[in-house]
Structure formats: C-alpha cells, structure tokens
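Trainee: One structure follows; several queries about it will come next.
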There are 2 protein chains.
Amino acid sequence: MDLLDAACPSRDVFVDLADKWALLMLMSLRERGTQRYSELQRSVGGISRKMLAQTLRTLERDGIVSRTVNPDATPPLVLYALTPLGAEVAEETRVLCTWTHDRAAQVYAARAAYDRRADAQA
Amino acid sequence: MDLLDAACPSRDVFVDLADKWALLMLMSLRERGTQRYSELQRSVGGISRKMLAQTLRTLERDGIVSRTVNPDATPPLVLYALTPLGAEVAEETRVLCTWTHDRAAQVYAARAAYDRRADAQA
DNA sequence: TACATCAGGTCTCTAAAAGAGACCATGCCT
DNA sequence: AGGCATGGTCTCTTTTAGAGACCTGATGTA
C-alpha cells in the first residue's frame with residue numbers, strides 16, 4: 001500500500017524503476033523506439049555494457065521491456081522495445097525528465113549559492 | 001539539452017533525483033510535510049542514517065529541500081521541508097509512485113512468468 | 001544519584017554494487 | 001588475411017551503500 005514502508009511489495013518494483021539507468025533506458029526506448037543492444041548503448045550515454053545488460057534483464061523480467069532475438073541474422077540481431085506496460089511507465093516518467101531539463105538552471109544556481117555559503121563559513 | 005547525453009549539464013541534476021532514496025524522501029515530505037531528521041528516518045522505511053544525511057545534503061544543495069535549525073531548543077530541533085522548487089518535483093514524481101502502486105501486481109505476474117520460462121529452459 | 005533516552009549527526013568498517021576492459025564465436029567487407 | 005561489428009560474459013578495481021559505534025547535552029526514570 002505504502003511505498004514508504006520497506007516491507008511493501010510495491011517497494012521493490014519501485015526500486016527497479018527509481019534508478020538512473022532504468023529511467024534513461026525507458027526514455028531512450030520511448031523517444032527512439034525499438035533498438036538493438038549496441039544502439040541502446042550508444043544512445044544511453046555513459047552506460048557500461050554490464051549495466052546495460054543488467055538493467056535490460058531486470059526490466060525484461062518486470063514485463064516493461066521485451067527482448068526479441070533473430071538467430072538467423074548475422075551478426076546476431078537482438079531487439080529491445082517497450083511492452084504496453086513499459087510504454088505506460090515511460091510516459092509517466094516523461095514529466096520528470098522535462099522538469100529536470102526545464103529547471104536545471106535553477107538547480108545550478110541553488111548549488112552555487114549553497115557552495116558560496118559553505119565557503120564563507122570555512 | 002538531452003539527458004541521454006552523458007555530458008549534458010542537466011544530467012547530473014537528473015542523477016540526484018533518479019535515486020530511490022531521493023524519490024522516497026520527496027514523497028514523504030510531500031505527503032507528511034515538514035519533518036525533523038529522526039521523523040524522516042522513521043517515515044522513509046529502511047533508510048540508514050548515513051544515506052538520510054547524505055541525500056538530504058544533496059537535495060538541500062540543489063535547492064529542493066530546506067533545512068532550518070533552531071539551536072535554542074533542547075534537544076536540538078532541525079526541520080526539513082520542500083522548497084517551492086522541491087514541491088514542483090515532488091508533484092511530478094507523484095505519478096511514478098501512483099503507477100508503481102497500481103501496476104505492481106502486473107509486474108509481479110510478469111516476474112513469475114519470466115522465472116517460469118527461465119526454469120523451463122534450465 | 002546513576003542510568004538510559006532522545007536529539008542530529010559523524011566516523012569507521014564491511015559488504016555489495018558499479019565501472020573498465022579483456023575475451024568469445026561468428027561473419028562481413030576490403 | 002586483417003579489421004570491424006554483433007551480443008554478451010568474466011574478472012578486477014574502485015565506488016558506494018549499509019551496519020553500528022560514538023559524540024554532546026539535556027531530560028526523564030528508578
């Protein structure tokens with residue numbers, strides 16, 4: 001019922017989503033649509049192959065991302081896409097991305113002010 | 001401009017927010033309003049004192065949370081609250097919490113199905 | 001009077017997680 | 001033949017998170 005309760009079953013669903021790589025992957029898949037493994041790595045800047053694989057696995061297990069393999073193709077073709085459930089979350093997380101983008105300058109200003117106060121103290 | 005770019009300045013603002021403890025703290029402060037340090041620790045289930053202090057510091061520096069000290073009081077009284085900027089983000093992140101709560105059962109079902117397939121394979 | 005308790009943190013130590021980079025088999029293009 | 005791309009995994013190192021002791025000062029409890 002309440003995500004604030006560590007024992008709440010929804011909590012560990014939340015934990016899978018409340019993660020920078022997961023959120024950025026949802027963003028990429030929403031914006032650019034179906035992508036292969038290596039495309040995703042290039043599109044989600046800074047992600048390592050390890051975290052890419054790990055996060056994709058988690059989201060696949062959660063029914064948020066689908067993984068389709070075409071074994072006949074050479075080189076091997078593996079496509080990742082949002083499931084209908086995943087498209088829903090991706091849509092919900094969009095506002096957070098937009099807000100971040102719009103208010104980043106204000107956050108930077110706040111940081112500068114905070115650091116000035118801290119320096120003055122020292 | 002683009003959060004997917006690791007070099008984008010908004011990216012590290014995003015990183016501060018795309019974190020389970022940060023999101024849960026915003027949630028708690030939005031739902032329950034101003035709280036003292038120890039109240040927050042009790043309300044955000046499972047958080048350690050260390051992560052509580054660290055996350056609060058980050059959010060305070062970002063201008064999302066305000067910290068007010070009353071040194072005359074005994075025991076010392078320190079109050080944490082959302083700033084206007086913080087109230088905005090907290091509102092944006094609400095949809096994610098709601099979605100998680102509403103769809104958790106579906107995610108659990110997806111996990112069960114995934115694990116069954118994996119077991120069958122093995 | 002002595003002891004435990006609360007406040008808001010910090011400090012240290014350990015355990016878990018993230019990041020870097022090598023490695024793999026296969027097949028393409030030059 | 002050599003180099004690159006595919007989708008990953010494996011190992012090693014560094015970073016991060018978590019557990020728990022400790023601190024100062026006042027207040028309540030026996």
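Trainee: Can you list the distances in nanometres, one decimal and ascending, from the residue B:88 label point to the identical position in each other copy, with the point 7 Å along Cα to Cβ?
Mentor: Output for residue B:88: 2.9 nm, nearest copy listed first.
Trainee: Taking the Cα centre of chain B as origin, sum charge times position over the Cβ atoms of Lys and Arg (+1) and Asp and Glu (-1), and report the length of that vector in debye to the nearest 20.
Mentor: That gives chain B a dipole magnitude of about 500 debye.
Trainee: State the percentage of accessible surface on the protein assembly as shown attributable to carbon and sulfur atoms; use a 1.4 Å probe and exclude ligands, DNA and RNA.
Mentor: Here it works out to 53 percent.
Trainee: Please provide three numbers in whole Å: the alpha-carbon extents of the protein assembly as shown along the principal axes, with the largest listed first.
Mentor: 73, 37, 25
Trainee: Under a GNM of chain A (C-alpha, springs under 10 Å), which listed residue has the highest mean-square fluctuation: A:87, A:109, A:18?
Mentor: Top of the fluctuation ranking is A:109.
Trainee: Averaged per residue, what accessible area in Å² does segment B:10-121 show with a 1.4 Å probe, protein chains only?
Mentor: That works out to 49 Å² per residue.
Trainee: Can you list the distances in nanometres, one decimal and ascending, from the residue A:31 label point to the identical position in each other copy, with the point 7 Å along Cα to Cβ?
Mentor: Going from nearest to farthest copy, the values are 3.2 nm.
Trainee: As a check on your grasp of the helix formula, calculate [θ] at 222 nm for chain A: sum -39500 (n - 2.57) over DSSP H runs of n ≥ 4, divide by the residue count, round to the nearest 500.
Mentor: The helix contribution divided over chain A gives -21500 deg cm²/dmol.
Trainee: Next up: Can you return the lysines within cross-link range of residue B:50? Criterion is Cα-Cα under 21 Å, with same-chain partners fewer than 8 residues away left out.
Mentor: A:20, B:20
Trainee: Further, regarding this structure: Relative to the Cα centre, what is the charge dipole magnitude of the protein assembly as shown, using +1 at the beta carbon of each Lys and Arg, -1 at the beta carbon of each Asp and Glu, and rounding to the nearest 20 debye?
Mentor: 520
Trainee: Still on this structure, please answer the following. Two decimals, Cα atoms only, Kirkwood Rh: what is Rg/Rh over segment A:1-69?
Mentor: Looking at segment A:1-69, the ratio lands at 1.02.
Trainee: Give the nm distances, rounded to one decimal, from residue A:76 to the matching residue in every other copy, measuring between label points 7 Å along Cα toward the beta carbon; shortest first.
Mentor: Residue A:76 label point versus its equivalents elsewhere: 5.6 nm.
Trainee: Between segment B:34-87 and segment A:11-58, how many Å separate their Cα centres?
Mentor: Taking the Cα centre of each part, segment B:34-87 and segment A:11-58 sit 31 Å apart.
Trainee: In terms of solvent-accessible area of protein heavy atoms at a 1.4 angstrom probe, what is the ranking of A:69, B:15, highest value first?
Mentor: A:69, B:15
Trainee: Here's a follow-up. Counting pairs of alpha carbon atoms under 8 Å apart in space and at least six apart in sequence, what relative contact order in percent does chain A give?
Mentor: 22
Trainee: Moving to a separate point now. If you take the Cα Rg of chain B and divide it by 2.2 N^0.38 Å, with N the number of residues, what do you get?
Mentor: 1.34
Trainee: Next up: With chain B treated as a Gaussian network of Cα nodes joined by springs under 10 Å, which of B:108, B:80, B:37 yields the largest mean-square fluctuation?
Mentor: Maximum among the listed residues: B:108.
The values are calculated or read from the model by the stated rules, or taken from the named source; none is laboratory data. Keep in mind it's a predicted model, so treat the numbers as computed, not measured. For neighbour counting, all protein chains shown are included, and Cβ atoms are generated from backbone atoms with ideal geometry for every residue, glycine included. Calculation scope for accessible area: heavy atoms of the full protein, side chains included, ligands and nucleic acids excluded. Shrake-Rupley method; radii C 1.70, N 1.55, O 1.52, S 1.80 Å.
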